[in-house]
Amino acid sequence: MGAHERAVLIDLDGTLVDSAPDIVEAANRMLGALGAAPLPSKTISGFIGNGVPTLVRRVLAACSLAPAVDEERAQGLFHRHYEDTNGRFGNVFPGVVEGLDALRRAGYRLGCVTNKPEKATNFLLAISGLAPYLETVVAGDTIAYMKPYAEPLLHACREMGLDPALGVLVGDSAVDVAAALAAQMPVYIVRYGYPGPGGHAAVGMRGAVFIDSLAEMPALLSARAKLGAVSEVRYSSE
Ligand SMILES: O=C(O)COP(=O)(O)O
Ligand SMILES: [Mg+2]
């Protein structure tokens, strides 16, 4: 089985792009518009991972604005401010471009699976220069399901015409681990992202292989393929 038949699906926020500064700024502008004081950036970063509706709900709860403030109104404010902050303060993480280049050279097919809404995702991928690497993008509102459901991962494989059994996910949070396990894909977690409640020690992180950089992926995947080939030989000779 060649590398060209394999899909590497990659999360966006906290894995490809350090987008927390943009998200924090938009969330705090939303709070300002609601007459509330800003939250520390670390608090808001800890709320990233399950998509915008969950982020806004968590921010409102942290400021004791729920249920007094209408969630949809707050979401509308967030989206409006995020349109202005998206891609302005964040950066592509170190090792990402090297990793994507190396994976592409090795023949892997690349896709992005994110819980960020599609419009904001496409804009961020375009201005950060990452869009040309990604054959397919499945965002938070592309289909009816987000991670931690398996569907977005399976949908990305379908879009690429690949068997999900040939896919792996690289992400940064417990949401990614859960989605990958649901889709029965191996999962690699970057140590630098936004892991969510409980951090990397959380039970939800079990089953993940931790990496420091996307640039480690080609070597890890080729080691996995060799291991797979050895066990296939063993099985067939038994
Ligand atoms: O929008 C979010 O909450 C997280 O997005 P991600 O799936 O790219 O990490
Ligand atoms: Mg993420």
Quiz item: Name the helices (runs of 4 or more DSSP H) wholly within the stretch 1-84 that hold at least 1 residues that are more than 16 Å from ligand 2 (Cβ to nearest atom) and touching a Cys at 6+ places or on another chain (Cβ under 8 Å)?
Solution: 20-33
Quiz item: Taking the stretch 93-150, which residues are touching a strand residue (DSSP E or B) at 6+ places or on another chain (Cβ under 9 Å) and of a type in the set (Asp, Glu)?
Solution: Glu118, Glu135
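Applying the selection to the stretch 141-178, what residues are of a type in the set (Lys, Arg) and within 16 Å of ligand 2 (Cβ to nearest atom)?
Residue satisfying the conditions is Lys147 alone.
Consider Ala120 carefully, then state whether it is under 16 Å from the mean Cα position of the chain (by Cα), more than 16 Å from ligand 2 (Cβ to nearest atom) and within 25 Å of Ala26 (Cβ to Cβ).
no
Per-residue answers, yes or no, for (1) more than 16 Å from ligand 1 (Cβ to nearest atom); (2) in contact with a helix residue (DSSP H, G or I) (Cβ under 8 Å, 6 or more places away or on another chain):
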{"position": "Glu98", "(1), (2)": "yes, yes"}
{"position": "Tyr108", "(1), (2)": "yes, yes"}
{"position": "Asn115", "(1), (2)": "no, yes"}
{"position": "Ile127", "(1), (2)": "no, no"}
{"position": "Tyr133", "(1), (2)": "no, yes"}
{"position": "Gly140", "(1), (2)": "no, yes"}
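Rule-based calculations on the coordinates, nothing more; no lab input. Please read these numbers as outputs of a predicted model, since none were measured by experiment. No Cβ is skipped: glycine too gets one built from the backbone with ideal geometry, and neighbour counts run over all protein chains shown.
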